[in-house]
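Engineer: First the structure, which I've put down as structure tokens, then a few questions once you've had a look.
Every read-out reported here was derived from the displayed coordinates using simple, explicitly stated rules and does not represent laboratory data. In this text the structure is predicted, and so the values were computed from the model without any measurement. Every residue, glycine among them, receives a Cβ derived from its backbone with ideal geometry; neighbour counts consider all protein chains shown.
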Number of protein chains: 2
Amino acid sequence: MLIVGERINASRKAIAAAISAQDAAAIIKEAKDQKNAGAHFIDVNAGIFVDEEVRYLKWMVQTIQQEAEIPLCIDSPNPKAITEALALHKGRAMINSITDEKERYQSLIPIIKQFKPLVVALCMTDGGMPHTSDERFKIASRLIDKLTKEGVAPQDIYIDPLVMPISTDKSFGNAVLETIEKITTSFPKVNTICGLSNISYGLPSRKLINQLFLVAAMTKGLSGVIFDPLDKRIMGNLITTRALLGKDDYCGGYLTAFRAGKLDFKD
Amino acid sequence: MLIVGERINASRKAIAAAISAQDAAAIIKEAKDQKNAGAHFIDVNAGIFVDEEVRYLKWMVQTIQQEAEIPLCIDSPNPKAITEALALHKGRAMINSITDEKERYQSLIPIIKQFKPLVVALCMTDGGMPHTSDERFKIASRLIDKLTKEGVAPQDIYIDPLVMPISTDKSFGNAVLETIEKITTSFPKVNTICGLSNISYGLPSRKLINQLFLVAAMTKGLSGVIFDPLDKRIMGNLITTRALLGKDDYCGGYLTAFRAGKLDFKD
């Protein structure tokens, strides 16, 4: 299970403030905390700073990688921002995300071929957001076909089915779960990834929904997730679900987490 | 989602004591509490009292149904106990369970034809316990075939895949999950049911494992569950998972539970 830590996102007030103030220590602490909690990649997002996004992303890549040995997930809808951040990145990065929107797709292909990052491929087209799992699977299949023809290895592609709130339409949870299952079955080498929090938008007790959505998505084959690894219960759910799904030899990961107090929740 | 309340089981010390003392008030309270918490059936089990099992089961059926209007799940490996308890039961009961063991199967068929209870059909044969999902599915298919030929409606059959601990073999969780999926796909009218606690036997923090196993099993199509409906978090997980799976119009059940404080966990 690939874990991408989502905390360094400028949509969080504390992060926006730290970025504006160029507070390197605060950003480095967030990166190290997430790495220590089990993250494999650290997402960096400065999307709210429209004009300054490129500069701030570059600053975050350099700041974090000077102090913490961990690869980053460059999170932006802006190909220019992704390109410039990737050029500075040490080691193999992840990008979040390419889509099947013509302009975005074409701008990112050259840099993907140059730097060979892991690629989050979001199920979105110029025609808008998909609703059903059939629509999502069609977009995903097309993206997989195109990316592999460009030389991207299937295991380097992480399909994001695009999570939408169940408060808007009760079928939106199942649509994502079915998409994960279809991709896992039809393209066994390709990975799937998603964020958790959109699923619960508009509802109370959002954490509960997010926590269990991860369990359901893992049961359908999800192989990557973008979330806050400092959320002890979600991390505990991830560890426990791996054991339930037969991915934890002798329940060793589960037992280690238990002994370390990681399964002892107070909420 | 059919909920069977598991609390009135003589393997619990307090229940054994209440049964021995013929403490009707204690048994009635357990039944009412579970009904109020959302149980559709109340499981009754007096298996530890080998010689007295029949008498005690009959006493529980009469005692509970005099005071609480709820059907019972007669839980015994003993066909004689099931037969005598069913004969006293008002309304339509559930029996737990028939198996593909020759003697047990043949003894129960006449009473099933007479009283037409819902039937838990456990994936077990005279050859012992199944290990893989293929073995479980083969037994389930044979039981479904035989029971429907005897006139049992498919929707009255609840296949129990037989949950075994992941501490014994890491594949045992997946084996059950895959069986649920295969049955749901191959026999869409047939129901599936299981208990939760066997999955976590031999491991610490058992409740966490049980809670998430329910979410995973529901994601695969589980339509019935035997558990303690007074366990607030498991019940909250059930309600939340229904919403995630598109089974809760406008998330109405979820919102009602939230307003009633049922999603406000302290553990």
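Engineer: Could you please rank B:Y201, B:Y105, placing first whichever residue has the fewest other Cβ atoms within 10 Å of its Cβ?
Structural biologist: Ascending Cβ contact count within 10 Å gives the list B:Y201, B:Y105.
Engineer: Grab the beta carbon distance between A:K189 and B:D134, set R0 = 25 Å, and tell me the FRET efficiency rounded to 0.05.
Structural biologist: 0.50
Engineer: I'd like the mean, over residues of A:203-212, of how many other protein chain beta carbons sit within 10 Å of each residue's own Cβ.
Structural biologist: Partner Cβ neighbours, averaged per residue: 6.
Engineer: Shifting gears a bit: Under 1.5 on a/c is rounded, so check that first for region A:108-267, then, if it is not, pick prolate when a/b is larger than b/c and oblate when it is not; a ≥ b ≥ c are the square roots of the alpha carbon gyration tensor eigenvalues.
Structural biologist: Judged from the Cα gyration tensor, region A:108-267 comes out oblate (a/c at least 1.5, b/c at or above a/b).
Engineer: Also, I was wondering about something else. Can you give the net charge of the other residues whose Cβ lies under 14 Å from the Cβ of A:Y105, counting K and R as +1 and D and E as -1?
Structural biologist: 0
Engineer: List the residues of region A:89-131 whose backbone N lies under 13 Å from a point placed 7 Å from the Cα of A:K146 along the Cα-to-Cβ direction.
Structural biologist: A:98-110, A:121-128
Engineer: Okay, moving on. Quick check on chain A: take the gyration tensor over C-alpha atoms, sort the square-rooted eigenvalues as a ≥ b ≥ c, and tell me if it's rounded (a/c under 1.5), prolate or oblate.
Structural biologist: It comes out rounded by the Cα gyration axes.
Engineer: Apply the a/c threshold of 1.5 to the C-alpha gyration tensor of region B:213-267 and tell me whether it is rounded, prolate or oblate.
Structural biologist: Taking the square roots of the gyration eigenvalues as a ≥ b ≥ c, region B:213-267 is oblate.
Engineer: If Lys and Arg each add +1 and Asp and Glu each add -1, what is the summed charge of the other residues whose beta carbon sits under 10 Å from the beta carbon of A:T256?
Structural biologist: Residues close to A:T256 contribute a combined charge of +1.
Engineer: Kindly flag which residue pairs out of B:K220/B:K262; A:K32/B:K207; B:K207/B:K247; B:K102/B:K189 have an alpha-carbon separation exceeding 29 Å in this structure.
Structural biologist: From B:K220/B:K262; A:K32/B:K207; B:K207/B:K247; B:K102/B:K189, over 29 Å: A:K32/B:K207.
Engineer: From other protein chains only, count the Cβ atoms within 10 Å of every residue's Cβ in A:244-250, then give the mean.
Structural biologist: Per residue, the average neighbour count from other chains is 6.
Engineer: Right, here's the next one. Round to the nearest 0.05 the FRET efficiency obtained for B:K29 and B:K247 when R0 = 30 Å and r is the Cβ-Cβ distance.
Structural biologist: Efficiency, rounded to the nearest 0.05: 0.45.
Engineer: At most 14 other Cβ atoms within 10 Å and a DSSP loop assignment: could you name the GluC sites (Glu not before Pro) in region B:74-161 that fit?
Structural biologist: Sparse-neighbourhood loop GluC sites (Glu not before Pro): B:E150.
Engineer: OK, next. Every other copy gets compared here: list the nm distances from the A:M129 label point (7 Å along Cα to Cβ) to its counterparts, shortest first, one decimal.
Structural biologist: 4.6
Engineer: Let me ask you something else. Post the alpha-carbon centroid distance, region A:26-94 to region B:106-169, in whole angstrom.
Structural biologist: After rounding, the separation between the Cα centres reads 54 Å.
Engineer: Separate question: How high is the relative contact order of chain B, given as a whole-number percent (alpha carbon pairs under 8 Å, six or more residues apart)?
Structural biologist: It comes to 15 percent, rounded to a whole number.
Engineer: If you don't mind, there's one more thing I want to ask. Within 10 Å of each Cβ in B:163-174, how many Cβ atoms from other chains are there, averaged over the peptide?
Structural biologist: The mean count of partner-chain Cβ atoms within 10 Å per residue comes to 4.
Engineer: Return the FRET efficiency for the residue pair B:S171, A:Q62: r is the Cβ-Cβ distance, R0 is 45 Å, and the value is rounded to the nearest 0.05.
Structural biologist: 0.45
Engineer: If you don't mind, another one. Kindly work out what percent of the DSSP beta bridges joining two residues of region A:78-169 are antiparallel, to the nearest 5.
Structural biologist: Approximately 10 percent, going by the DSSP bridge assignments.
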